[in-house]
Amino acid sequence: MSTTRPFSRRLNHAVEGLMVWVLRFGGWASVLVSLGIVVTLVTESWPFFAQVPFHRLISDTMWTPLFADPQYGMSALLAGTLVTTGVALLVAIPLGTVLAIYLSEFAPASLREVVKPMLELLSAVPTVVYGYFALLTLTPLLQKIYPDLPQFSMLSAGLIMGIMIVPYVTSLGEDSMRSVPMLLREGAFALGDGKLGVALRVVFPGAFSGLAAAYVLAISRAVGETMIVAIAAGLQPRMTINPLESAATVTAFIVQVSLGDLPHGSIGYQSIFAAGAVLFLMTLGFNLAGHVLRRRFHRAS
Amino acid sequence: MSCAGGFIVLPEHFFQRQKKQAHQRRAIDRWFQRIGLLLTLMTLGILGILLLNLVGNGLMRIDWQFLTSFPSRRAGEAGVLSAWVGTLLLMMVTAGVAIPFGVAAGIYLEEYAPKNKWTDFVEINIANLAGVPSILYGLMALGLFVYQFRFGQSILSGGLALACLVLPIVIVATRESLRTIPANIREAAFALGATRWQAVWHHLLPYSTGGIATGVILAMSRAIGESAPLITIGALTFIAFLPPTPVLSHPPFLSFEWLFSPFTALPIQMFNWVSRPGEDFQPNAAAAGLILMLITLSMNGAAILLRKRAQRNIKW
Amino acid sequence: MNPQSASSEVTGGVNQSSTKVRIEKLSFFYGTHQVLKSVSMDIPALQVTALIGPSGCGKTTLLRCLNRMHDLYPGNRYEGSVHVQPDGMDILGPGMDPIQVRMRFGMVFQKPNPFPKSIYENVAYGLRLQGMNKRRDLDERVEKALREAAIWDEVKSRLHQMAHNLSGGQQQRLCIARAIATDPDVVLFDEPTSALDPIATSKIEELIVELKKRVTVLIVTHNLQQAGRISDMTAFMYLGELVEFGSTNQLFTNPSKPQTEDYISGRFG
Ligand SMILES: Nc1ncnc2c1ncn2[C@@H]1O[C@H](COP(=O)(O)OP(=O)(O)OP(=O)(O)O)[C@@H](O)[C@H]1O
Ligand SMILES: [Mg+2]
C-alpha cells in the first residue's frame, strides 16, 4: 500500500526515526533520575565526609553534627533505624506470611477477591496518616498498658510501620505462592498431608525465592520509611536499642533538619546528604537483593 | 504390614494410627483456617478503625470555612485552602512530566529496546528506583532542582521531585499492559506494512490505555500522599497566600509564574498540625487526613475497578 | 523380610481370586456434570490392572476417586462405595477422612512432580507423615524405596541434592519411590510414562512389573502395547462406563463387546 506512495513512505520513515529517539529518551529518563540521585548525594555529602574523620563516625556515641561541639556517631542514628525496622518486621513478616498462606491456600476464591483489593487500599494510605494514627491513637492505647511509655516511642512507630508493610509482604508472597503449580500440591496431598502441611512443606519452599524477595523489599521499605517515624518515634537522635524509648532514625533526622532553616552548604545541609547517602546504600543493597530473588523465582517457575 | 526395624504392627493398629494422624492434621487445618480468617479481618479492621478515627475526630471540622481558609495560629480559624491548591498545582506538574516520560520509557523498553546488557541495566535500575525511599528523591530535588537549577523551593521543584518518584510506577504499568497484548496483533499490524511506530500508535496504545490509565491513577494517588520529599526541599508549612493564577484576563492569558511560587500541600499541612503540641490542632489534622484518605482511597478504588473491567472486557 | 512379599511368594498363584479394591456402583459428578456412571469392578490384589479407553472417558477421574483427590476441589460428588481389603474400609463411607484414605494409596502422576526438596526428603515425606521420625529408620526406608524404584545406584551419592536436578525419567522413578516408601496397599499410576522417552519408559514398565510382588497396581494408559506388556487385567472404559473388564490376554485377543474390539483394533479413539 505505502510502496505506491513514496512521499508518505518517506514521511513514515522520518516519523519512525523521530519516535525511536523520543521513546529512547524516555527510557533514559529513569537512568537520569538514578544518576541525579547518586551524583547529588555524592557531591553534596562530600564536604561532610571529607571534614569528619572516619573513625569519629564509628567511635562517637552521639549524633549532633549541628552543635557547637559536634559529635558524629552515625550509629546513634542507625540504632533508631534498626529498632524501628526490627519492630516493624516482627509485625509484618509473620503477619504478612500468615495472611499470604491463608489467602493463597485456605481462603475461598470469593473471599480472596474481596480481601486483595482491600489490602491494596491499606497500602495506599498516605504515610502521614499512619503517623497520625501511631502518635494519636496507638501511643495513648499503649500508654494504658504501659504507663511509662513516652509520647514518642519507637515501639509505636514500628508497630504501625509493620501494619503499613503487611499488605506488601502479603501480596508479593501470595503471588509467588499461587504460582507454585497445583501438581506439586497434589503430590503432597496424595501422600496424606493436610493443607497447612502442604503449604509449609511444599508451597513455602517452592515459593521461597519469591517470599524472600518480599521480605527483603519489606526491609528496604521499613528502613526508608520517613513520616511515621518522624511523627511518632521522636526527632532526637539517641543511642538506644530499647523500643520503649524515643529516638530519631536516619530518615527522621533528615526531616528534622529540613524543617529548620537550611542554607546551602551549611554543615546541616551537608549532614542530611551524608545521612541520605548512608540510607541510599542500605536500601540499594536490599533492593538489588530483592530484584535478584524475584527474577530467580520467575525463572524457576 | 511391616514397620522399620523388623517390628510388625497389626493392620488394625496401623490403620488406627493413620486415622489419628488424619484427625490431627484436619484439626490443625481447622485451626489455621480460623486464625487466618481472624488475622485477615483484624488487618482489614485496622483500615476501618483508621477511617472511623479520622471521621470521628475530623468530620465535624470539615466545612466551607475549612476549605476556604488559610492556615492560622488559631486552630478554629485555620483551613486548608493553600494546601489543596498547592497539591492541585503540584499534581499538574507531576502528571505533566511523569506521564509522557513514563509512557515513552515503557513503550521503548517493551517494544523497541534490544535485548542487551544496557537494557538489562535499565531494567534493574527501574526496579531499584521503585524501592528508593521517597525522602531521597527529596534530597535529589533539593540539591539539583532547588540549588543547581535554581528553581528555588517552588512548586516546580516539588512537582518534579514527585514526578521522579512515581516515574517507575508509570513505566511498569505501561510495560505490563503492553505485554498482555498478544504477539499476533503486532504481527498483523506489521503484515499490513505498518512501521513499528504506526503499530504502537494505532494498535498497541489504544488497547493498553486501560492498563496505563490504572497505573497513572495509582501513581498520582501515591504522589498526592507523599510528604517527605516536599519537606526536604523546604516546602513551607505556613502559607497564607495563593500562587499567582495560571490564567490571566489579558494577553498572553497564560502565566507560568505559579511554577516558581513557594507552596504547601495537604500532607505537609497535616504533618504540621499533627506535630503541634497540645490538642487544639488535632481535629484539623484529622480533617486534613480524612480529606487525604478520601482522595487516595477513591483514586485507588477507581484504579481497582478500572483494572477489573479491563480484565473482564479483554479476552483475546 | 517383608511379610507381604513373603505371603505373595507363597500364595502367588492363588492371588487372582483375592480382591484388593471392590468398586460398587461408583458414580462421580463434577458439579452437575456426571462423568462416571455406576462403575463396578473388583481390582485383584498384587496384580497390575490397566485402565484404557478413549480420551475423556473418565479414566483419570476414576483413578482419582480411589484416593479421594476430588475432595481437594469444591463441588465434586461421589455415589456408591469402594471397599479396600484387608479391613474392608469404605473409602467413600460417611465420616471417612480423605487424608486417611490417601495414606493407604500411593499415586504417581502424569508429569513427574518432585517436591522442591532434596532427593532424600522427597522420599521421606510420606514416612514422616506416618509418624516416622528416627533418622535410622528413615535412612533404611528411604534406601529401600529408592532401590525398589531402581534409582538407588544413580542417586545414592547425592541424596541431599535438590530433586530438580534429576532427569525427567529419574524424577518419575523418584516419585514412584516416594509413593511406595510408605508401603501403600495400592499404587495408582496416571499415564506415568506419557512425558518420558522410550528408554525411561521401559525402565518404568519393568519397575511396575517388579512392584506387583508387593503392591497392587492400577494404571491408566493410552498406550495399548504398554497395557499388553505390563498388565494382568485390563478394564476398557467408554463415556464414563466400564464396558469390559477381564484378563488382559482375553480382552486383547477375544473381546466380548463390539466397542472394545473397535477400540483395540484402532477403529476409534
Ligand atoms: N475438573 C473438572 N471439572 C469438570 N469436568 C471435568 C473435570 N476434569 C475432567 N472433566 C471431564 O470429565 C471427563 C473425564 O475426564 P478424565 O480426565 O477423567 O478423562 P480421561 O479418560 O482421563 O482422559 P485422558 O485420556 O484425556 O486423560 C471429561 O469429559 C472431562 O471433560
Ligand atoms: Mg487422564
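Can you work out which of the residues in the range A:164-220 that are aromatic (Phe, Trp, Tyr) and closer than 17 Å to C:LYS117 by Cβ is farthest from the chain's Cα centre (by Cα)? Only one residue fits best here, namely A:PHE189.
Each row is one residue, and each column tells you yes or no for (1) open to solvent by 60 Å² or more (accessible area, probe 1.4 Å); (2) more than 10 Å from every other protein chain (Cβ to nearest Cβ).
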position	(1), (2)
B:LEU38	yes, no
B:LEU44	no, no
B:ILE49	yes, no
B:ASN53	no, no
B:ASN57	yes, no
B:ARG61	no, yes
B:TRP64	yes, yes
B:PRO71	no, yes
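Within the range A:128-138, restricting attention to residues that are out of contact with any Leu (no Cβ under 7 Å at 6 or more places or on another chain) and more than 7 Å from every other protein chain (Cβ to nearest Cβ), the residue that is surrounded by the fewest Cβ atoms within 10 Å (Cβ to Cβ) is A:TYR130. Of all the criteria given as (1) touching a helix residue (DSSP H, G or I) at 6+ places or on another chain (Cβ under 6 Å); (2) in a helix (DSSP H, G or I); (3) closer than 23 Å to B:TYR137 by Cα; (4) more than 9 Å from chain B (Cβ to nearest Cβ), the one not satisfied by A:VAL83 is (3). Across the range B:127-142, the number of residues qualifying as surrounded by fewer than 24 Cβ atoms within 10 Å (Cβ to Cβ) and part of a helix (DSSP H, G or I) comes to 5. Taking the range A:216-240 on its own, how many of its residues are among the hydroxyl-bearing types (Ser, Thr, Tyr) and away from chain B (no Cβ under 13 Å)? Qualifying residue count for the region: 1. I'd like to check something: does the range C:148-162 contain any residue that is away from ligand 2 (no atom under 16 Å from the Cβ), under 30 Å from C:GLN85 (Cα atoms) and within 14 Å of another protein chain (Cβ to nearest Cβ)? Yes, the range C:148-162 contains at least one residue that is away from ligand 2 (no atom under 16 Å from the Cβ), under 30 Å from C:GLN85 (Cα atoms) and within 14 Å of another protein chain (Cβ to nearest Cβ).
The residues on offer are C:GLY58, C:GLY80, and the sole one that is open to solvent by less than 50 Å² (accessible area, probe 1.4 Å), over 24 Å from C:THR221 (Cα atoms) and more than 14 Å from chain B (Cβ to nearest Cβ) is C:GLY80. Every listed requirement among (1) open to solvent by less than 40 Å² (accessible area, probe 1.4 Å); (2) under 24 Å from A:LEU200 (Cβ atoms); (3) of a type outside the set (A, V, I, L, M) is met by C:ASP71 save one, (1). Please give the strands (runs of 3 or more DSSP E) falling wholly within the range C:34-133 in which 1 or more residues are within 16 Å of ligand 1 (Cβ to nearest atom) and closer than 26 Å to C:ILE204 by Cα. Qualifying strands (runs of 3 or more DSSP E): C:48-52, C:105-108.
Table: residues versus (1) open to solvent by 10 Å² or more (accessible area, probe 1.4 Å); (2) within 16 Å of ligand 2 (Cβ to nearest atom); (3) not small (Gly, Ala, Ser).
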| residue | (1), (2), (3) |
| --- | --- |
| C:THR32 | yes, no, yes |
| C:LEU36 | no, yes, yes |
| C:GLY88 | yes, no, no |
| C:PRO98 | yes, no, yes |
| C:MET103 | no, no, yes |
| C:PRO116 | yes, no, yes |
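When we screen C:LEU62, C:LEU51, C:LEU46 for residues that are within 16 Å of ligand 2 (Cβ to nearest atom) and in contact with a helix residue (DSSP H, G or I) (Cβ under 6 Å, 6 or more places away or on another chain), the only hit is C:LEU51. Pick from the range A:165-184 the residues that are open to solvent by 10 Å² or more (accessible area, probe 1.4 Å), in contact (Cβ under 8 Å) with a residue 40 or more places away in the chain and not hydroxyl-bearing (Ser, Thr, Tyr): which of them is farthest from the other protein chains (Cβ to nearest Cβ)? This residue is A:ARG178. Restricting to the range A:29-55, give me the number of residues that are within 16 Å of A:PHE280 (Cβ to Cβ), crowded, with 19+ Cβ neighbours inside 10 Å and more than 7 Å from every other protein chain (Cβ to nearest Cβ). Number of matching residues: 2.
Candidates A:LEU103, A:LEU149: the one that is assigned by TED's automatic domain parsing to the domain that holds A:LEU244, in a helix (DSSP H, G or I) and aliphatic (A, V, I, L, M) is A:LEU103.
Of the residues in the range B:154-161, none is open to solvent by 40 Å² or more (accessible area, probe 1.4 Å) and farther than 29 Å from B:GLY301 by Cα.
The values are calculated or read from the model by the stated rules, or taken from the named source; none is laboratory data. Model, not experiment: these values are computed from the prediction. Reconstructed Cβ throughout: ideal geometry from the backbone, glycine too, with neighbour counts over all protein chains shown. These accessible areas exclude ligands, DNA and RNA; they are computed on the full protein's heavy atoms, side chains included. Shrake-Rupley method; radii C 1.70, N 1.55, O 1.52, S 1.80 Å.
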